[in-house]
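I have placed the structure first, in the form of structure tokens, so that the comments after it can refer back to it.
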Amino acid sequence: MRKLCPNYDLPDGLETVLEVPIPEEMFVSNKTSNHRSWQNMKSWMTLKPNTEQQRPSMVTVFGGRNTEIQLLLGVIGAPLIPLPINHNDNFITKNIKDHPIEASMAKYIVKQYIAAVGGEKALGCIDSMYAMGKVKMAASEFSAGEGSVNSKVVKVRNLRHGGGGEVGGFVLWQKRPELWCLELVVSGCKISAGSDGKVAWRQTPWHHSHASRGPPRPLRRFLQGLDPRSTANLFTNSVCVGEKTIDDEDCFVLKLEAEPSALRARSSTNLEIIRHTVWGCFSQRTGLLIQLEDSHLLRIKSPGNDGVFWETTMESSIQDYRTVDGINIAHAGHTRVSLFRFGENSESHSRTRMEEVWTIEEVDFNIKGLSTDCFLPPGDLKKEEEGFGIVPSDVRLPFKLRNDRSSRVHGSKIVAIDVDECDDISSSDDDDDDELF
């Protein structure tokens, strides 16, 4: 990852400090001239989907690269977990035997996990953290008419078999679970998200800054092996539902359901969050979290019928644990996403699959000078109103952009999905005509 951008125009000029580090893949090899390196980096930062060669399957399914990138960032970029996490250094305070057997087993497994990642004393010494890494994202498959005789499946990419993908970098900052900030840049598109402890917000190039409904919740990326303390606090109230073998590793499976009150706080008159469930798979051999999965079901209400249902499932494999200042931190992983639309008739069913591969380049704790001012929301933050911008029930993914611009997307049917917050999924010619899931 490159943090500094050389000044190729002025040999004696100062290097530019990048807000988000750029992956090395964006620079060509040393055999090529510096001018070509600079041009390659600039082309990555300036997304121009209309001027590049695109795979026919991608154009057919998504209508272009810009639409695909916005879809990826909306779904995988900054999802949140179902529940707020209380800041607690005494992870298990009550007698384990005072709980039902499933809850007691879960608390025992969490205790083993705390010991495996470094122990309560080491975790209690962490006041803040920073992480920097790179990602590769791709939409891998789209199928329409699932369950019908006219079902069609289009394979787009496969990251595991060198299927390309969109490359980017990200920076994470955290000061206690309720204060966090993310900056993620993928192929020239930047998404920012954060929480100041009172409100969780998100900002994209194609939509105004907006806050999520309900109490602020932590970023899912922190639970992908980066924040063991939040992971332990989250699964303290879970139950053990059995065992599972993952990549020849025997694991305990812990399950946590979002409370009905939390789901109602995130719902509106036109949109109902039916359930949001999290599963954590902890290795019986090492005690570490090696897989995180969550499933999210919502219903878009419409007059005269039961509405349309959207189910999103995210499964993350968490790998490459390394010790940083006495804490075991995961440095790599792979997330698979399935976005399923159903309801009405089988011809209208559709499923979109996406993937993300990520690696962590740097991690540090107890950052000097990281104050609460670093987590303030944007000045143009807009609170979501109840019923704000619900997408019509006859909308399906994916859709082509009617007007394709890199700076701001106007008039698109679908440009992004926030599976956790049911946030904005489109923008229109009129700002008042925003839509969301």
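The values are calculated or read from the model by the stated rules, or taken from the named source; none is laboratory data. Not measured: the values here are computed from a predicted model. Here the Cβ is made from the backbone with ideal geometry for all residues, glycine too, and neighbour counts use every protein chain on show.
A few notes on this one:
- All positions within the stretch 218-265 that are of a type outside the set (A, V, I, L, M) and under 18 Å from the mean Cα position of the chain (by Cα): 218, 220, 221, 222, 224, 225, 227, 228, 230, 231
- Within the stretch 237-273, tally of residues that are closer than 30 Å to residue 300 by Cα, in contact with a Lys or Arg (Cβ under 7 Å, 6 or more places away or on another chain) and surrounded by fewer than 16 Cβ atoms within 10 Å (Cβ to Cβ): 1
- Search result, residues across the stretch 321-374 that are among the hydrophobic types (A, V, I, L, M, F, W, C) and either surrounded by 19 or more Cβ atoms within 10 Å (Cβ to Cβ) or touching a Phe, Trp or Tyr at 6+ places or on another chain (Cβ under 6 Å) (or both): 327, 329, 330, 337, 339, 342, 354, 358, 360, 363, 367
- When residues of the stretch 368-390 are limited to those that are in contact with a strand residue (DSSP E or B) (Cβ under 7 Å, 6 or more places away or on another chain) and acidic (Asp, Glu), the one modelled with the highest pLDDT: 380
- Residue 252 satisfies every condition listed in (1) among the aromatic types (Phe, Trp, Tyr); (2) under 14 Å from residue 113 (Cα atoms); (3) touching a Leu at 6+ places or on another chain (Cβ under 9 Å) except (3).
- Residue within the stretch 190-200 that is at pLDDT below 90, more than 22 Å from residue 380 (Cβ to Cβ) and part of a loop (DSSP other than H, G, I, E, B) present: no
- All positions within the stretch 178-216 that are surrounded by fewer than 24 Cβ atoms within 10 Å (Cβ to Cβ) and under 19 Å from residue 258 (Cα atoms): 178, 199, 212, 213, 214, 215, 216
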